[in-house]
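The structure appears right after this line, and notes come after that.
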Protein chains: 2
Amino acid sequence: MHRTRIRVAEDALDANETIARANREDFERAGVAVVNMMSAPGAGKTALLERAIEAGLGETRLGVLEGDVQGSLDADRIAHLHVPVVQLNTDPGFGGECHLDANMVRSAIPELPLAEIDLLLIENVGNLVCPAEFRVGEDARIMVCSVAEGEDKPLKYPLMFRSCELICVNKVDLLPHLDVDLERLLANIETVNPDATVIVTSARSGEGVEAWARWLASFAAE
Amino acid sequence: MHRTRIRVAEDALDANETIARANREDFERAGVAVVNMMSAPGAGKTALLERAIEAGLGETRLGVLEGDVQGSLDADRIAHLHVPVVQLNTDPGFGGECHLDANMVRSAIPELPLAEIDLLLIENVGNLVCPAEFRVGEDARIMVCSVAEGEDKPLKYPLMFRSCELICVNKVDLLPHLDVDLERLLANIETVNPDATVIVTSARSGEGVEAWARWLASFAAE
């Protein structure tokens, strides 16, 4: 089982775009497709990823880069499923950086088993603002939006919703217990990002998990 | 009804502590107690505030400063309850600042009706990382933690939980529908911040709303 923790020590904010391009070239050379997965805290990124791994990704060999301010709770969960995972902690930055940037991801590349994977999933720090502003070398962006957060989030955090190719609208098993109108949430997503693919999911009930796993496998095979 | 929108144009990150102290001196001179309310996106800050206003804050005259990346959805909700509210939008900052800082709040002070209020509640941008790093001139900090976000959030975002005097554990009406153990969440909060006052709340069912409104009124009367 491949698992390493990397601590980010340097100020990594300069020249983000340049470094993101260099990362992407490295990933392309290795034949690895890369997705950057983002959400608010507790929207269910890790749980959805666990369900996709359990559902199976076909021939796709997955690797995961876990971004967190502190700790390795999520990396531990993924490692438990025998997927190679590298932990990036952002807490040595300015009180804890609220996002991953290209330079942080670059510092992790030597630890990633690129020759042994087809798809690298980067799980970003839970935050709906800054992660959208920093490309890290990804080919596509995924965000997870929990229905428990309310219908208005696409309107309040439009850059995040606009910058993603795939949006998983998660925790829909909770809808009967919320004052949230799914159709209105989907309409708000459509308003800010009409081009996004949207999958309605529940890591708890399993709804949409196969479609989400299929999306990942197809993306890796492109 | 007092309602103004302010757009933050300058780079406001320097000398945050100095400016926070200046803000606090201005608030003290005006006899206004100030709380900084923080949470992840969609944890229910605005809904809890609406419930407290409806429950009544005794003699306390409340004013609200709403921080958002874009839009004025929350300010509109508060203004509807006849509470003076000022909107601060952070989007002219670097792609949208993910937090309020002391200088942004300072730019709003001339718009606040300080002579007519006893308590100023500053609703920060939804984010569990950076808002904890920037004091804005507050006397106390409140955070709202939705049980739908999971038990592990105090361990993943310890600075936020540690920096608050009051923690509202919200949306507890959802507990029967979640794989979340309230006792474990409370124990995790206790681990990172044993000194915090914790109130278990639901804006939907009304649980804990009176205790929360009482906390605000007592704080303003101190």
(request) Would you check which residues across region B:39-61 are closer than 22 Å to B:Cys164 by Cα, away from chain A (no Cβ under 12 Å) and not in a loop (DSSP other than H, G, I, E, B) and list them? (result) B:Leu48, B:Leu49, B:Glu50, B:Arg51, B:Ala52, B:Ile53
(message) Just to check your reading of the model, which residue among B:Leu62, B:Leu49 is modelled with pLDDT of 95 or more, under 15 Å from B:Leu119 (Cα atoms) and surrounded by 23 or more Cβ atoms within 10 Å (Cβ to Cβ)?
(response) B:Leu49
(request) Would you mention how many residues in region A:117-146 are closer than 16 Å to A:Ser202 by Cβ and in contact with an Asp or Glu (Cβ under 9 Å, 6 or more places away or on another chain)? (result) 1
(request) Working only within region B:169-199, note down all residues that are within 13 Å of chain A (Cβ to nearest Cβ) and within 22 Å of A:Asn89 (Cα to Cα). (result) B:Asn188, B:Thr191, B:Val192
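I want to confirm something. Restricting to region A:62-104 and keeping residues that are in a helix (DSSP H, G or I) and of a type in the set (Asp, Glu), which single residue is farthest from A:Glu138 (Cα to Cα)?
A:Asp76
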(message) Which numbered condition in (1) more than 14 Å from chain B (Cβ to nearest Cβ); (2) touching a Ser or Thr at 6+ places or on another chain (Cβ under 8 Å) is the only one that A:His80 fails?
(response) (2)
(request) Count, please, the residues in region B:159-168 that happen to be surrounded by fewer than 22 Cβ atoms within 10 Å (Cβ to Cβ) and either among the aliphatic types (A, V, I, L, M) or within 11 Å of another protein chain (Cβ to nearest Cβ) (or both). (result) 3
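Return a yes/no flag: does region B:133-142 have any residue that is within 14 Å of chain A (Cβ to nearest Cβ), surrounded by fewer than 19 Cβ atoms within 10 Å (Cβ to Cβ) and closer than 20 Å to A:Asn127 by Cβ.
Yes, the conditions are met somewhere in region B:133-142.
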(request) Of the conditions (1) away from chain A (no Cβ under 14 Å); (2) surrounded by 24 or more Cβ atoms within 10 Å (Cβ to Cβ); (3) in a helix (DSSP H, G or I), B:Ile109 clears all except one; give me its number. (result) (2)
(request) For region A:113-132, name all the residues that are within 14 Å of another protein chain (Cβ to nearest Cβ), of a type outside the set (A, V, I, L, M) and assigned to a loop (DSSP other than H, G, I, E, B). (result) A:Asn124, A:Gly126, A:Asn127
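The values are calculated or read from the model by the stated rules, or taken from the named source; none is laboratory data. Predicted model only: the values in this text are computed from it and were never measured. Cβ sites come from the backbone with ideal geometry, for glycine too, and all protein chains shown count toward neighbours.
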